[in-house]
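One structure is given below, encoded as structure tokens.
The values are calculated or read from the model by the stated rules, or taken from the named source; none is laboratory data. Please read these numbers as outputs of a predicted model, since none were measured by experiment. Methodologically, a virtual Cβ is constructed for each residue, glycine included, from the backbone with ideal geometry; neighbour enumeration extends over all protein chains shown. Note: accessible area is taken over every heavy atom of the protein model, side chains too, but ligands, DNA and RNA are not part of it. Shrake-Rupley method; radii C 1.70, N 1.55, O 1.52, S 1.80 Å.
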Amino acid sequence: MSVNVQIPYSQVHALGDILLAARSGQLHTYSLTDGKLISTWKHPDVEKVAEAVNRVAEEKEVALATGAGEDAPMADDDKDEPPAKRQKMLSEQESSVSITTDMPPADVVDRESSSNGQKGKGKDKASRSRVRVEGRAKVPDRPLITHLTSTADKKHVIAVTGHDKAVWVFEHDGQGNLEELSSRIMPKRPSSIVVGPDSMIICADKFGDVYSLPLTPDPNWKAPVVAKTVTETPIEANEFTVHSRRNRRALESQQLQAKKKPNNEQDKATDAPAFELTLLLGHVSLLTALLVAEREGRKYIITADRDEHIRISRYIPQAHIIEGYCLGHKDFIGDLVIPEQRNDILISGGGENELFVWDWLAGNLASTASVLNLAQQIDSTITKVAVSGLHSLVYPSESGKLTYVLAICEGIKAIFSWLLTDDNRLNHPGVIQLPGNPLDLEIIPVEGGPPKIVAAMDPGAATPANSINIFTLNMNEERLSVDNITTVEENTVQTSDIEATEDVVRGLLYNVEYLRKKGGGGEDGEGGDAPATEVEASEEAQS
Amino acid sequence: MVTEGKKKAHRAQYQKSKAQDGLAQLPRKRFYRQRAHANPFSDHTLTYPASPDAMDWSTYFPDYVQDSASDDVSPKRLTKDVEVVDIGCGFGGLLMALSPLLPDKLMLGLEIRSQVTAYVQEKIWALRTQNPGGPYQNAACLRANTMKFLPNFFRKGQLSKIFICFPDPHFKARKHKARIISTTLNSEYAYALRPGGIVYTITDVKSLHEWMVEHLDAHPSFERLSKEEEEADECTKVMMTETEEGKKVTRNQGEKFVALFRRLEDPPW
């Protein structure tokens, strides 16, 4: 059995002197002046997970003692509410092998016959293997705060939890105390969120759609009554549209069915969200990044997807108009950034070896800069990079304010930095080595001095390092380097809900590389339905 | 599947014998059949240009390649741009009929199924060879997933006509995002179409027709053409009678629903 590690902080966001940091389903606020913990918010599911983790641990002990295998937990699982949808966890399959071999084969047969209740055979198989994966599979979905942002006035904090697709809004009192105002469940899992200049929350999801929702939901808002008084499902096909004999037969039986069941409309209306939600635009691809940008007094929405597109749309209320594209990437896009003080420039990076520098409104590529070369300075065996985060900062130097671009890559223990020159190039590459894999960065401007960087890191199981590190920056021949490292007093209370095996942590926090297309992803030449990519398949399963 | 191997063998044999003939024969459809549905969300193994400028059209429209003094311009430019697009062209009936009708416009069929694409490409090649100096030089077909990659092929405002003929109806509500007409995809068609350009839609499924009308009508960049304008458009008739699916529906005495939409100018802001 693998050893449990603490789920590291994966999101950081600063509000002046207050640092928001999220680990698993917990949101902590720290004072940046003394590093003290101010407040904690927990996702309601946090308790459930903690309970389940404890229960599983107990059961394991019992099971070990009695040698009963995994049957006992199965039984009481049925009493619980139906298990939440499992998140994908790649490496669990491997760990499952050792477990399954422990089980006597008779056990398997037995379970199959007993749980064959309502589900179809195929589905049952799937769920069975799911349960079999591990004792811990009975832990409900781990809550994970995937995004943190705030309004420009710092009075509201917005958090996204991935496992339940919820957007949470908190009121911030300026002292680090958060009050939960609302939570709204989005139709699909959000993949990026920003707050527009008009305090609209703009949210991109993994199904490719971008929605806007007001910061504070209007309690009086009602779903527009759709004038669909048709109670029975209209049969969309007719004798003229189906041509094969089998399809005709299917149609006949459909028509019979339609006559039989007069009312079944209750479960239909549940699809519509119970709050104001406006569809702005959409890609037919997983969205990975979202920005709101302004140029020459006009506002734009910039979206990037897994299929190499960067799209420039007008801002609300004309978000349906596409102004242009920045095309040229040949692999997925991981993140976008518009550097401070240079709103004409967009920098994008993802599965490719380079960062791209764009004149985004014209859609022209200005230059590129290699990330791989820098990564190989850390580890010469690296052959590909997956840029997971892009940031920018302004460094006050004697020669004026310099704009730097920072990049982090999944699984590479470093922050890479470049100086953005006036002719739109990324020069003076620098490497800041880290004790762990960076998960998120936040830049904290310091009055009259160089800014600080807060890095949320995964220290890994081997090194019990801090998950949050605060760096003071230094400049050396226009390359950025680190001067001084401090940290915050991380939550010393050991709670079981932020503990997980390394595999689970990987499954939760490392999924950028996963966006890369697998070669030969399904030739449908012989008429087979090409398998959807796993990402999309899982998205479909959610709907 | 049991028949799979047989089908493949037949296909291989056909390909072999075809190669021996040396004559430009029209391909036979039976060797290119493919299941009518493709998952538009899948990655497939598509080749597509990174951007419209990177697209090499010279192999698709060899008669229209620019005679530039320097041969090292890569990719080679055409004397004119593709202007008419048939999304989901199927076996290409519309393309073959439109080609002589719009002789000065380059038209392209886009089809996601590889076998079907191959059929249309071979048919065009055969027609070109059989009619030297004649029509069909202005028509071509390539395999693409337009729902994902339309902006990779066409610049803003490059197109004047987009045909969407007998698309996959995707009856299930949860599959509606896979429909070729949707609020969000309409924005992409508006991007590729020039103001005044026209989207032609035709289907034999009434509810899909209503869906397409509803969604294109609701999109601020499009307005529906009146019945008179619809009938006056010469392409409407071709679309009704010449598409393979249209012929099939006629054979079955089915109904056909047509709707045309004009791309409006973008509002100022």
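Within segment B:217-260, can you find the residues that are within 14 Å of chain A (Cβ to nearest Cβ), assigned to a helix (DSSP H, G or I) and of a type in the set (D, E)?
Within segment B:217-260, B:D217, B:E244, B:E245 meet the criteria.
How about segment A:294-307: which of its residues are free of Cβ contacts under 8 Å to residues at least 60 places away in the same chain and open to solvent by less than 10 Å² (accessible area, probe 1.4 Å)?
A:I302, A:A304, A:D307
Residues in segment A:165-188: is at least one open to solvent by 40 Å² or more (accessible area, probe 1.4 Å) and touching a Pro at 6+ places or on another chain (Cβ under 8 Å)?
Yes, segment A:165-188 has at least one match.
Residue check: is B:P151 within 12 Å of another protein chain (Cβ to nearest Cβ) and not small (G, A, S)? It would help to see each step written out before you state the result.
Details: within 12 Å of another protein chain (Cβ to nearest Cβ): yes; not small (G, A, S): yes.
For B:P151, the condition - within 12 Å of another protein chain (Cβ to nearest Cβ) and not small (G, A, S) - is met.
Residues are listed down the side, and each one gets a yes or a no for (1) away from chain A (no Cβ under 14 Å); (2) open to solvent by less than 30 Å² (accessible area, probe 1.4 Å); (3) at positive phi; (4) not in a loop (DSSP other than H, G, I, E, B):
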{"site": "B:T117", "(1), (2), (3), (4)": "no, yes, no, yes"}
{"site": "B:L127", "(1), (2), (3), (4)": "yes, yes, no, yes"}
{"site": "B:P132", "(1), (2), (3), (4)": "yes, no, no, no"}
{"site": "B:L142", "(1), (2), (3), (4)": "yes, yes, no, yes"}
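Rundown of residues vs (1) over 30 Å from A:P445 (Cα atoms); (2) at pLDDT 85 or above; (3) open to solvent by less than 30 Å² (accessible area, probe 1.4 Å); (4) assigned by TED's automatic domain parsing to the domain that holds A:A500, yes/no style:
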site	(1), (2), (3), (4)
A:R23	no, yes, yes, yes
A:T29	no, yes, yes, yes
A:T33	no, yes, no, yes
A:N54	yes, no, no, no
A:E61	yes, no, no, no
A:G67	yes, no, no, no
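Which condition from (1) without any contact (Cβ under 8 Å) to a residue 12 or more places away in the chain; (2) closer than 30 Å to A:L280 by Cα is the one that B:P220 breaks?
(1)
From the list B:K123, B:K177, B:K76, pick out the single residue that is in contact with a Pro (Cβ under 6 Å, 6 or more places away or on another chain), open to solvent by 30 Å² or more (accessible area, probe 1.4 Å) and not in a strand (DSSP E or B).
On the way: B:K177 fails: in contact with a Pro (Cβ under 6 Å, 6 or more places away or on another chain); B:K76 fails: in contact with a Pro (Cβ under 6 Å, 6 or more places away or on another chain).
None of the others qualify; the one that does is B:K123.
Quick test of your reading of the structure: A:A465 fulfils all but one of (1) part of a helix (DSSP H, G or I); (2) at pLDDT below 75. Name the failing condition by number.
Every listed condition holds for A:A465 apart from (1).
Let's see how each residue does on (1) in a helix (DSSP H, G or I); (2) within 9 Å of another protein chain (Cβ to nearest Cβ); (3) at pLDDT 95 or above:
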site	(1), (2), (3)
A:E239	no, yes, no
A:E252	yes, no, no
A:A274	no, no, no
A:S285	no, yes, no
A:T303	no, no, yes
A:L336	no, no, yes
A:L346	no, no, yes
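Whether any residue in segment B:50-57 is touching a Ser or Thr at 6+ places or on another chain (Cβ under 7 Å), open to solvent by 20 Å² or more (accessible area, probe 1.4 Å) and part of a loop (DSSP other than H, G, I, E, B) is what I want to check.
Initially, segment B:50-57 is screened for residues touching a Ser or Thr at 6+ places or on another chain (Cβ under 7 Å), giving none.
Looking through segment B:50-57, none of the residues is touching a Ser or Thr at 6+ places or on another chain (Cβ under 7 Å), open to solvent by 20 Å² or more (accessible area, probe 1.4 Å) and part of a loop (DSSP other than H, G, I, E, B).
Somewhere in segment B:70-86, is a residue touching a Cys at 6+ places or on another chain (Cβ under 8 Å) and at pLDDT 85 or above? Don't jump to the end; show me each part of the working.
Just the residues of segment B:70-86 that are touching a Cys at 6+ places or on another chain (Cβ under 8 Å), to begin with: B:86.
Now drop any that are not at pLDDT 85 or above, which leaves B:86.
Taking every residue of segment B:70-86 in turn, at least one turns out to be touching a Cys at 6+ places or on another chain (Cβ under 8 Å) and at pLDDT 85 or above.
Looking at segment B:39-57, which of its residues are at the interface with another protein chain (Cβ under 8 Å from one of its Cβ atoms) and of a type in the set (V, I, T)?
Hit for segment B:39-57 is B:T45, nothing else.
Look through segment B:187-216, keep the residues that are in a helix (DSSP H, G or I), more than 8 Å from chain A (Cβ to nearest Cβ) and out of contact with any Phe, Trp or Tyr (no Cβ under 6 Å at 6 or more places or on another chain), and return whichever of them is most open to solvent (accessible area, probe 1.4 Å).
Going through segment B:187-216, the residues in a helix (DSSP H, G or I) turn out to be B:187-192, B:206-216.
Okay, now just the ones that are also more than 8 Å from chain A (Cβ to nearest Cβ), so B:189, B:192, B:209-216.
Within this subset, residues satisfying the condition of being out of contact with any Phe, Trp or Tyr (no Cβ under 6 Å at 6 or more places or on another chain) are B:189, B:210-215.
Numbers: B:Y189: 2, B:E210: 95, B:W211: 45, B:M212: 2, B:V213: 21, B:E214: 115, B:H215: 29 Å².
Filtering segment B:187-216 for residues that are in a helix (DSSP H, G or I), more than 8 Å from chain A (Cβ to nearest Cβ) and out of contact with any Phe, Trp or Tyr (no Cβ under 6 Å at 6 or more places or on another chain), the one most open to solvent (accessible area, probe 1.4 Å) comes out as B:E214.
For A:V505, indicate whether it is at pLDDT 60 or above, in a strand (DSSP E or B), farther than 30 Å from B:V116 by Cβ and under 25 Å from the mean Cα position of the chain (by Cα).
Details: at pLDDT 60 or above: yes; in a strand (DSSP E or B): no; farther than 30 Å from B:V116 by Cβ: yes; under 25 Å from the mean Cα position of the chain (by Cα): yes.
Answer is no for this residue.
So, of the residues in segment A:316-326 that are open to solvent by 10 Å² or more (accessible area, probe 1.4 Å) and in a loop (DSSP other than H, G, I, E, B), which turns out to be farthest from A:A366 (Cα to Cα)?
Residue satisfying both the conditions and the ranking: A:P317.
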